[in-house]
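Peer 1: The structure follows.
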Amino acid sequence: MNQRELDVLSVLGKSGHPMSLADILEARPDLIKSTVAAVLAKLLKEGMIEVAGIGYSGRSICRTFRPTEAAKEAALKYLTESYDNICSIVPKSDLIASILKLNQDPEARRMEIEQLKIALKEWEKNNF
């Protein structure tokens, strides 16, 4: 998975609803139309996105897309591989602290920590 594929999947994932090519470009004006079109075609072929429906972009008919479970699995694989590489440079505790700092809302950050605690307890229960 390359950076542009991650960019497009990220936009689709964050939106919470199906998006057209035009919607993606509106959300990320730094992306180039032809590149996004090529990435969408590749992601569709690989089964990482699916056509969610047909809509309109201005007066033109267009397809809307959403990520599939395969996209989640590919993103987790990419994250795991990247995590292994990063942990050889950065201590895991620093990495987790940096990830938690991404969320500026204190209440949401607290909820993320609680979710991590639950996940760790579940993992310990099933693996020890």
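We did not get these values from a lab; they are worked out from the coordinates using the rules stated. Because the structure is predicted, anything quoted here is derived from the model rather than measured. When we count neighbours, we look across all protein chains shown, and the Cβ atoms used for this are built from the backbone with ideal geometry, even at glycine.
Peer 1: Using bins 5 angstrom wide from zero, how does P(r) for segment 71-127 break down, in % of all Cα pairs?
Peer 2: Distribution as computed: 4, 16, 16, 23, 30, 12, 1 percent.
Peer 1: Taking every pair of Cα atoms in the chain, average 1/r, invert it to obtain the Kirkwood radius, and report Rg/Rh to two decimals. Working shown, then result.
Peer 2: Numbers: Rg = 17.8 Å, Rh = 16.9 Å.
The Rg/Rh ratio comes out at 1.05.
Peer 1: Could you name the lysines whose alpha carbon sits less than 19 Å from that of residue 101, not counting residues in the same chain fewer than 8 places away?
Peer 2: Here the lysines satisfying the reach criterion relative to residue 101 are 14, 92, 117.
Peer 1: Now, a different point. Evaluate the distance, in nm, between pseudo-label points positioned 7 Å from the Cα of residue 117 and of residue 72 along their respective Cα→Cβ axes.
Peer 2: Roughly 2.5 nm, to one decimal.
Peer 1: Let me ask you something else. Figure the gain on full extension for residue 95 and residue 38 (residue separation times 0.36 nm, minus the Cα-Cα span) and round it to one decimal in nm.
Peer 2: Contour length minus Cα-Cα distance gives 17.2 nm.
Peer 1: Turning to a different aspect of this structure: If the limit is 29 Å between Cα atoms, which of 45/77; 42/121; 72/125 go over it? Spell out each step's value before the answer.
Peer 2: On the way: 45/77 19 Å; 42/121 38 Å; 72/125 24 Å.
Distance filter (> 29 Å) returns 42/121.
Peer 1: Roughly what would the spin-label model give for residue 104 and residue 83, points 7 Å off Cα along C-beta, in nm?
Peer 2: 2.7 nm
Peer 1: Given the DSSP H assignment, sum -39500 (n - 2.57) over each helix run of at least 4 residues in the chain and divide by its residue total; what's the result at 222 nm in deg cm²/dmol, nearest 500?
Peer 2: Details: 6 runs with 84 residues, N = 128.
Value at 222 nm, helices only, nearest 500: -21000 deg cm²/dmol.
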